[in-house]
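To start, the structure itself, in structure tokens.
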Amino acid sequence: MPIRVFDTDEREQLRERMLEAGIPLLREYGMTHMSVEKITATAGIGKSTFYNFFDSKEAYVCQAIEYKRGDFKAKIGELLAGREKLTVEEAKAMFRQIIFSEESAYQYLTPEDIVKIRAKVPEAVKPDIAQETAILSAIFNHVEGVREEPDYGVIANLLKLAALAAESRDQLHEAAYLRTQDSLFGLLFSLIFED
């Protein structure tokens with residue numbers, strides 16, 4: 001059978017189809033049981049095509065998460081609806097949605113998944129304070145009431161702690177889980193917003 005060569009547009013469409021399948025498959029099966037076969041079947045492509053785009057399932061999961069961040073940026077644009085800035089309350093709801101949304105991968109990854117991702121794609125999980133500062137700064141430029149000089153490192157860490165709590169929810173006291181998250185977000189918001 002001849003090898004199929006894809007042009008640039010076709011490659012991007014295939015990549016997007018595979019990445020669109022990522023979070024729903026992660027939600028349904030978890031990373032361990034989300035096989036390359038399930039990804040390719042959902043995207044309607046052959047298994048060999050998958051490896052033309054991704055080195056491993058773990059690399060795919062990292063890229064699917066990154067791809068969904070693009071949706072988050074679009075969501076900010078929708079929330080702004082032509083305005084220059086979000087209100088404090090809209091921003092607070094948005095930050096909670098990052099962690100608790102059905103489209104958020106954080107709640108579907110286990111600590112074991114993170115270990116596997118770190119082993120296969122170490123550069124994807126290394127904290128990059130410059131990159132995280134740039135992302136947070138871009139978001140904060142569209143939010144009212146942000147402190148003059150927010151501590152981006154602490155804010156990024158608190159968001160990660162909320163995500164880790166979501167990932168490890170089964171390890172925490174269930175009856176206190178939401179109060180714990182509320183406390184984390186209370187601290188987070190106190191560091192982002194002026195009194």
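Of the trypsin sites (Lys or Arg not before Pro) found in segment 1-84, the ones in coil according to DSSP and having at most 13 other Cβ atoms within 10 Å of their Cβ are 4, 83. Relative contact order of the chain: 22 percent, from C-alpha pairs under 8 Å at least 6 residues apart in sequence. Keeping the other protein chains in place, figure out the carbon and sulfur percent of the accessible area of segment 1-126, with a 1.4 Å probe. That share works out to 52 percent.
Using helices alone, what [θ] at 222 nm do you get for the chain, with -39,500 (n - 2.57) per DSSP H run of 4 or more residues, divided over all residues and rounded to the nearest 500? For the chain, the value works out to -22500 deg cm²/dmol. For the chain, the longest principal axis of the Cα atoms and the long axis of helix 8-33 meet at an angle of about 70 degrees.
Exposure check, 1.4 Å probe, all protein chains in place: residue 88 carries approximately 40 Å² of accessible surface. Averaged per residue, segment 34-170 has 54 square angstrom of accessible surface, using a 1.4 angstrom probe with ligands and nucleic acids left out. Near residue 86, the amide H atoms lying under 5 Å from its own belong to 143, 144; only residues 5 or more places off or on other chains count, and H is placed 1.01 Å from N.
With axes computed from alpha carbons, what is the tilt in degrees of helix 174-192 against the longest principal axis of the chain, rounded to the nearest 10 within 0 to 90? In the chain, helix 174-192 runs at an angle near 70 degrees to the longest axis.
Cα centroids of segment 82-146 and segment 11-60: 22 Å apart. Checking the cross-link pairs 38/75; 85/160; 47/116; 92/120; 57/160; 75/160 against a 32 Å limit on the alpha carbon distance flags 92/120 as lying beyond it. Longest stretch of the chain clear of exposed loop sites (GluC sites (Glu not before Pro), DSSP loop, at most 11 other Cβ atoms within 10 Å, sites excluded): 1-83.
Measuring r between the beta carbons of residue 161 and residue 89 and using R0 = 22 Å, the FRET efficiency lands at 0.50.
The values are calculated or read from the model by the stated rules, or taken from the named source; none is laboratory data. Quantities reported herein were computed from a predicted structural model and do not represent experimental measurements. Backbone-built Cβ (ideal geometry, glycine too); neighbour counts: all protein chains shown. Remember, those area values only see protein heavy atoms, side chains included, never the ligands or the DNA or RNA. Shrake-Rupley method; radii C 1.70, N 1.55, O 1.52, S 1.80 Å.
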